[in-house]
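Comments concern the structure below.
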Amino acid sequence: MRGLFVTGTDTGVGKTIVSAALLASMAAAGEHVRAYKPAVTGLEDAQEAAARGAWRPDHELLGLAAGMDPELVSPLRFGPAVSPHLAAQLSGQRITSEQLLAGAIAAASTATTAGTGDSVLVVEGVGGLLVPLSDDYAILDLAVALALPLVIVARPGLGTINHTLLTVRAARGAGLEVCAVVLTPWPAEPTALELSNRKSIRRMGQVPVEELEEIAGPELANLALAGDTLPWREWLGASGAEDG
């Protein structure tokens with residue numbers, strides 16, 4: 001399977017925007033892209049909706065970028081702004097690993113254009129790697145099962161060194177390949193703190209660090225231009241090497 005797994009150091013760090021930018025850029029370059037987010041929560045939360053502003057809910061933005069039905073992108077959708085395992089419990093459901101893997105396979109294998117070659121699957125996690133999807137299955141477990149190269153999205157500001165290096169350590173400890181850390185939104189004129197954070201994460205984590213500036217709006221053209229600034233071809237090369 002060719003693709004990338006996009007995770008974050010926390011919730012609200014920009015995973016969906018990075019994922020959508022990657023999908024839009026790949027699609028514009030002629031790749032047949034697919035998107036999968038195992039669960040979406042907070043769809044009925046007023047604060048979540050206000051924070052999004054002009055931006056669509058996660059599964060809708062990913063669906064737009066990948067040319068997919070949003071319900072196929074995220075089969076599990078919940079109203080409360082809580083962790084997926086709690087959202088499922090509140091709705092009387094139980095999320096299973098088999099269900100999550102089947103959703104990823106369905107998203108990856110459903111074609112929209114006849115005659116296309118292999119798809120590129122971009123999976124976006126929920127929150128960070130240790131967010132529970134069920135009582136005994138976390139985002140990290142799903143990432144390990146899919147075995148895709150990992151992209152970690154993080155904030156550029158205060159506190160990001162600790163959060164990012166912990167995420168890198170957890171990922172590598174589970175045997176995942178970390179392609180890069182993406183700091184976003186990266187300011188046009190970064191402060192000394194932000195520059196130091198970037199340098200420290202690169203040095204202490206022994207990991208490439210990329211930056212993604214704030215995107216003007218949720219239009220496909222804006223997303224594709226932003227995604228073009230990230231070395232996703234190199235990252236997909238790591239994915240292809242694993243497949244080989």
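The values are calculated or read from the model by the stated rules, or taken from the named source; none is laboratory data. Keep in mind it's a predicted model, so treat the numbers as computed, not measured. We place every Cβ from the backbone using ideal geometry, glycine too, and count neighbours over all the protein chains shown.
Annotations for the structure displayed:
- Filtering the stretch 179-218 to residues that are charged (D, E, K, R), under 21 Å from the mean Cα position of the chain (by Cα) and closer than 17 Å to residue 14 by Cα leaves 198, 210, 211, 213, 214.
- Residue ranges of helices (runs of 4 or more DSSP H) in the stretch 27-83 with at least 2 members closer than 23 Å to residue 104 by Cα: 58-66, 70-73
- Unmet requirement for residue 118, which otherwise passes all of (1) acidic (Asp, Glu); (2) modelled with pLDDT under 95; (3) under 18 Å from the mean Cα position of the chain (by Cα): (3)
- Condition check for residue 221: under 23 Å from residue 52 (Cα atoms), in a helix (DSSP H, G or I), over 18 Å from the mean Cα position of the chain (by Cα) and at pLDDT 95 or above: yes
- Annotation note: of 171, 180, 154, the sole residue that is touching a strand residue (DSSP E or B) at 6+ places or on another chain (Cβ under 7 Å), within 27 Å of residue 67 (Cβ to Cβ) and in contact (Cβ under 8 Å) with a residue 24 or more places away in the chain is 180.
- For the stretch 114-214, the strands (runs of 3 or more DSSP E) that sit wholly inside it and include 1 or more residues that are in contact with a Phe, Trp or Tyr (Cβ under 9 Å, 6 or more places away or on another chain) and crowded, with 19+ Cβ neighbours inside 10 Å are 119-124, 150-154, 178-186, 209-213.
- Criterion applied to 32, 59 was being at negative phi and touching a residue at least 40 places away in the same chain (Cβ under 8 Å), and the one residue passing it is 32.
- Contacts under 6 angstrom Cβ, first residue in the stretch 39-53 being under 10 Å from residue 79 (Cβ atoms) and touching a residue at least 40 places away in the same chain (Cβ under 8 Å), partner aliphatic (A, V, I, L, M) and in a helix (DSSP H, G or I), 6 or more apart: 41/87
- Counting the residues of the stretch 30-45 that are over 22 Å from residue 217 (Cβ atoms) and among the aliphatic types (A, V, I, L, M) gives 1.
- Close pairs (9 angstrom Cβ cut-off, 6 or more residues apart or separate chains): under 18 Å from residue 232 (Cα atoms) and touching a residue at least 40 places away in the same chain (Cβ under 8 Å) in the stretch 117-140, of a type in the set (Lys, Arg) and in a helix (DSSP H, G or I) anywhere: 124/15; 125/15
- Residue in the stretch 100-112 that is on the phi < 0 side of the Ramachandran plot, assigned to a strand (DSSP E or B) and either modelled with pLDDT of 90 or more or surrounded by 15 or more Cβ atoms within 10 Å (Cβ to Cβ) (or both) present: no
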